[in-house]
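The values are calculated or read from the model by the stated rules, or taken from the named source; none is laboratory data. On a predicted model such as this, the values are computed, not experimentally measured, just so you know. Neighbour counts run over all protein chains shown; Cβ positions are idealised from the backbone, glycine included. We work out accessible area using only protein heavy atoms, side chains counted, and drop any ligands, DNA or RNA first. Shrake-Rupley method; radii C 1.70, N 1.55, O 1.52, S 1.80 Å.
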2 protein chains.
Amino acid sequence: MAKYDADLSPIFQALADPTRRAMLERLATGPATVSALAAPTGLRLPTVLRHLSVLEEAGLVRSAKDGRVRSCALVPDALEPVRGWLDEQRAVWTDRLDRLDAYVMTLMEEGANDRRDDP
Amino acid sequence: MAKYDADLSPIFQALADPTRRAMLERLATGPATVSALAAPTGLRLPTVLRHLSVLEEAGLVRSAKDGRVRSCALVPDALEPVRGWLDEQRAVWTDRLDRLDAYVMTLMEEGANDRRDDP
């Protein structure tokens, strides 16, 4: 767990808002200016800039100013820690179900043996 | 996006806290009482119950009271919408990189043809 855990909280926090997820979805298709990111949201620029700064602090997006225009881009592989955490959870869960399966199988075999032993 | 988006915010919100992630990690290994969940956190029971209720409202955990003991269990596949969203983001991103690759390839071929055309 440790290897992923450190930065997971700000990432999940950043993903917990539909506007920020929409911004990430837009940036997955390619870099965009802040105005282009703001347009489909219908939100005012300061609000969008606030969302952008949450995404940047979580390490999901970076932005740079070129003259009067701020351009934003996804940080490649920034969501991989989330995938890693999910994979670990699934592995633990699947392992548990496998062990449950094995246990139920043992019970069924014991039951079959008991019935064979009956006179 | 639509099919996953509805319930993603409360799920991400629930995952944005290390104590709640630790509770989920514990529950991946099997059901547990609230006291068992609380023990490794070092937190007081009311705090743990508050975290539990965030996890339950997000649909990640369910709990039931049996006498004086409350038992908690993971809701199977409750994290699948998160995986679905990640997969979609990765697909869009990969598609974009593929198109970039194809574009660069075209530029290189055009360059090679231009050089061949040079006297």
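Structure data summary
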{"item": "Hey, A:Arg70 touching a helix residue (DSSP H, G or I) at 6+ places or on another chain (Cβ under 9 Å), modelled with pLDDT of 90 or more and open to solvent by 70 Å² or more (accessible area, probe 1.4 Å) or not", "result": "yes"}
{"item": "Answer residue from segment A:98-109, given it is open to solvent by 100 Å² or more (accessible area, probe 1.4 Å) and of a type in the set (Asp, Glu) and is nearest to the chain's Cα centre (by Cα) among those", "result": "A:Asp101"}
{"item": "Residue match in segment B:34-44 (condition: assigned to a strand (DSSP E or B), closer than 25 Å to A:Arg99 by Cα, within 14 Å of chain A (Cβ to nearest Cβ) and not acidic (Asp, Glu))", "result": "no"}
{"item": "Subset of segment A:26-36 (residues that are under 19 Å from A:Ala14 (Cβ atoms) and either over 21 Å from the mean Cα position of the chain (by Cα) or open to solvent by 30 Å² or more (accessible area, probe 1.4 Å) (or both))", "result": "A:Arg26, A:Thr29, A:Pro31, A:Ala32, A:Val34"}
{"item": "Options A:Val61, A:Val82; residue that is under 24 Å from B:Glu25 (Cβ atoms), open to solvent by less than 20 Å² (accessible area, probe 1.4 Å) and within 14 Å of chain B (Cβ to nearest Cβ)", "result": "A:Val82"}
{"item": "Residue match in segment B:16-24 (condition: in contact with a strand residue (DSSP E or B) (Cβ under 9 Å, 6 or more places away or on another chain), at pLDDT below 95 and either at the interface with another protein chain (Cβ under 10 Å from one of its Cβ atoms) or outside any loop (DSSP other than H, G, I, E, B) (or both))", "result": "no"}
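Conditions tested, residue by residue: (1) out of contact with any Pro (no Cβ under 7 Å at 6 or more places or on another chain); (2) in a helix (DSSP H, G or I).
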residue	(1), (2)
B:Gly30	yes, no
B:Glu56	yes, yes
B:Ala73	no, no
B:Trp93	yes, yes
B:Asp98	yes, yes
B:Asp114	yes, yes
